Amino acid sequence: MRKHIGTGIAVLATAALLAGCSSGSGDTDTTEPAIDGEGQTLTVWVDENRQPAVEAAAAAFEEETGATVELVQKNFDDIRNDFIAQVPTGDGPDITVGAHDWLGALVAAGVVNTIDLGDKSSEFEQVALDAMTYDGQLYALPYSLETIALIQNIGMVGEEAPATWDDMIQAGLDSGAERPFVINTAGQTGDAYTMYGFQTSFGAPVFVQDSSGSYTTEVGMGGEAGDAFAAWLGANGEAGTGYISTTIDYAINNELFASGAAPFTVQGPWAIADLTAQGVEVAVNPIPSAGGEPAAPFVGVQGFYLSSQSANTLLANEFLVNYIGTEDAQRALYEADPRIPAWSTLADEVAEDPIIAGFLASSQSGVPMPSIPEMGSVWDYWNAAQVQIITGQDPATTWNTMITELTTALEG
């Protein structure tokens, strides 16, 4: 659906992911337009959820620059492939909404341009900027964060965050629950994504990062740190304590927690409704360390990309930085799609809700999920090795075989 944005439109879609969102008014950006856009048109791809927020920003942009903004409503799941296919033909948009883990594929296809936030970069959460950076260059304006965290049953173990895995397990045992802790392994499939915070606490990242924070293609899960994580995973698997089991999928995990059978789990904000469906009051905290280093779960970020083939690059950058990159626009995006805001002052504001505060704290200690194309080759090897170790196969042998096979696949 293509529609012209008139200056009278100021509709905001509202939604509520979690209770307690503050509604204080943000400061209006008073930056004078740097560009005369009279007679020029920007095309923006946006999904249904975020369209009303972008409409409001576009209305102000049109009025102040004289440019025209055309929105094309797209199914979010179709945007990445359509953008890669259409930008080289000249049929793509100037700007599109998208997820940060598309970035590697978009850069490889040559369809995105860098953007310049200038002083605005200080307004955003650092992990959000890191996620939208590739080989040291910023490619998108972020607007939201999402990550997993430790969820705990306040009635059984209180609100205080356990500092370590051992502290958490002891608190779970002391609660008298059927299980001290439960975590989703997607059953026999494996779920390295959910397990990643524990893995990074051993100093074993999936890929090594360079001095700019960008991911390289060097696998970082090997060596002594990887062996230590594998040994811990085996010790807590089905041949050890049994705290981690391949009998637990997403639904079973949530039911065990919701029913009080386990007082701790690791989950994302999307699961809060299921976890509290039977009346459990929850606290959200950062994931405790199992290996001595801080636990750094994956963080997902969404934002707006600039096409490498845009005929109006300066105008598009102006729209992103001075109209989407404002507190008012970021608030509208939050209200339309309530994920943790990437805009720091707004993130702090909505974090008056303690549940949101817990997820924000977890994201601030987290790392962007790698957006390099090689990440797509990792999951099958990684998940399978974790399942094998959890079910009792030798940790060191299994883990190092995985590292060797994965490295060979990436080099091939």
Considering only ALA85, ILE169, VAL301, whose Cα is most displaced toward the positive end of the charge dipole of the chain, charges sitting on Cβ of Lys, Arg (+1) and Asp, Glu (-1)? ILE169
Per residue of segment 261-269, in order, report the coupling 6.51 cos²θ - 1.76 cosθ + 1.60 (Karplus, θ = phi - 60°) as ³J(HN,Hα) in whole Hz, putting x for Gly and Pro. 6, 9, x, 10, 8, 10, 8, x, x
³J(HN,Hα) across segment 405-412 via Karplus (A = 6.51, B = -1.76, C = 1.60, θ = phi - 60°), whole Hz, x for Gly/Pro? 5, 5, 4, 4, 5, 5, 6, x
Once you keep just the Cα pairs under 8 angstrom separated by 6 or more residues, what percentage relative contact order results for the chain? 28
Per-selection Rg to Rh, the chain - Cα, Kirkwood hydrodynamic radius: 1.00
When the helices in the chain are scored as -39500 (n - 2.57) per DSSP H run of 4 or longer and the sum is shared across all residues, what 222 nm value do you end up with, to the nearest 500 deg cm²/dmol? -10500 deg cm²/dmol
Provide the gained length on full extension for the span THR216 to ASP78, in nm with one decimal, where the gain is 0.36 nm per separating residue minus the Cα-Cα distance. 46.9 nm
Calculate, for GLU178 and GLU293, the FRET efficiency according to 1/(1 + (r/R0)^6) with r their C-beta to C-beta distance and R0 41 Å; round to the nearest 0.05. 0.85
Using 1/(1 + (r/R0)^6) with R0 = 25 angstrom and r between the beta carbons of ASP274 and ALA235, what's the FRET efficiency to the nearest 0.05? 0.30
To the nearest 20 debye, what charge dipole does the chain have about its Cα centre, counting +1 at the Cβ of each Lys and Arg and -1 at the Cβ of each Asp and Glu? 700
Förster radius 45 Å - calculated FRET efficiency between GLU405 and GLU64, Cβ distance, rounded to 0.05: 0.20
Using the Karplus curve 6.51 cos²θ - 1.76 cosθ + 1.60 with θ = phi - 60°, what ³J(HN,Hα) values do you get for each residue of segment 125-133, in whole Hz, with x for Gly and Pro? 4, 4, 5, 5, 5, 4, 5, 8, 9
Between LEU314 and GLN126, what is 0.36 nm times their sequence separation minus the Cα-Cα distance? Round to one decimal in nm. 65.2 nm
Interchain or long-range residues, amide H under 5 Å from ALA140's placed H: ILE115
Among ILE355, TYR139, GLY220, whose Cα projects farthest towards the positive end of the dipole of the chain, with charges put on the beta-carbon of Lys, Arg (+1) and Asp, Glu (-1)? GLY220
Provide the gained length on full extension for the span ASP119 to ALA396, in nm with one decimal, where the gain is 0.36 nm per separating residue minus the Cα-Cα distance. 94.9 nm
So, with +1 on the Cβ of K and R and -1 on the Cβ of D and E, and no other charges, what is the size of the charge dipole of segment 250-395 about its Cα centre, to the nearest 20 debye? 220
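Read-outs: derived from the displayed coordinates by stated rules, not from any lab. Model, not experiment: these values are computed from the prediction. Cβ sites come from the backbone with ideal geometry, for glycine too, and all protein chains shown count toward neighbours.
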